[in-house]
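Only one structure is covered here, and it is reproduced in the block below.
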């Protein structure tokens, strides 16, 4: 396991712990990861490292990125090669599977990069999708979480625009929302 230095757009949130702890949306992605196997996997916005830890042993190489250097330095579940960058901006390789527990809350502005998705809950997720797309290998997939309270249709449409047909692969009902797991697939060439 290696931690690579800060590259672009790093932030450091005051207070401890700064990482996003595993929650219902994390566990929805964890269920999806259960049967996944392949050569290389990427966990964007790794936070606690929980999902990257699940990917280890299922993939030959696991890379975990986060925009917060302090989070990467002190993860609860350190795993994979850790890179501090904005989404996949510092990476130059392809992955069979990309997972991301998106910051999807609809907010006026982005104050907490772990949870705030910006207006409609899509501003940050759209940037992540656009950053991840060039890193997905032909025949590869991306799985991410969002909520029924955000403009999730816009995210599915953006996946299609990026050449990755997407579908809602799983749902989990909570008290006031429904968590959605979206799977986007890049056709094999």
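The values are calculated or read from the model by the stated rules, or taken from the named source; none is laboratory data. Bear in mind that the values here come from a model prediction, so they are computed numbers and not experimental data. Quick reminder, even Gly has a Cβ in these numbers, built from the backbone with ideal geometry, and neighbours come from all protein chains shown.
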Do we have any residue at all in segment 151-162 that's part of a strand (DSSP E or B), buried (at least 16 other Cβ atoms within 10 Å of the Cβ) and at pLDDT 95 or above?
-> no
Tally time: how many residues in segment 171-189 are assigned to a strand (DSSP E or B) and either under 16 Å from the mean Cα position of the chain (by Cα) or farther than 19 Å from residue 103 by Cα (or both)?
-> 7
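Kindly check whether there is at least one residue in segment 79-95 that is within 18 Å of residue 27 (Cβ to Cβ), in contact with a helix residue (DSSP H, G or I) (Cβ under 8 Å, 6 or more places away or on another chain) and at pLDDT below 95. Give the derivation first.
First pass over segment 79-95, keeping only residues within 18 Å of residue 27 (Cβ to Cβ): 79.
Filter once more, so that each one left must be in contact with a helix residue (DSSP H, G or I) (Cβ under 8 Å, 6 or more places away or on another chain): 79.
Remaining after also requiring at pLDDT below 95: 79.
Scanning segment 79-95 turns up at least one residue that is within 18 Å of residue 27 (Cβ to Cβ), in contact with a helix residue (DSSP H, G or I) (Cβ under 8 Å, 6 or more places away or on another chain) and at pLDDT below 95.
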Of all residues in segment 72-104, count the ones that are assigned to a loop (DSSP other than H, G, I, E, B) and either buried (at least 17 other Cβ atoms within 10 Å of the Cβ) or in contact (Cβ under 8 Å) with a residue 12 or more places away in the chain (or both).
-> 20
Taking segment 116-125 and keeping only residues that are buried (at least 19 other Cβ atoms within 10 Å of the Cβ) and either at negative phi or out of contact with any helix residue (DSSP H, G or I) (no Cβ under 7 Å at 6 or more places or on another chain) (or both), one is left with 117, 121, 122, 124, 125
Filtered residues of segment 22-47 (kept if touching a helix residue (DSSP H, G or I) at 6+ places or on another chain (Cβ under 8 Å), part of a loop (DSSP other than H, G, I, E, B) and within 17 Å of residue 174 (Cβ to Cβ)) = 22
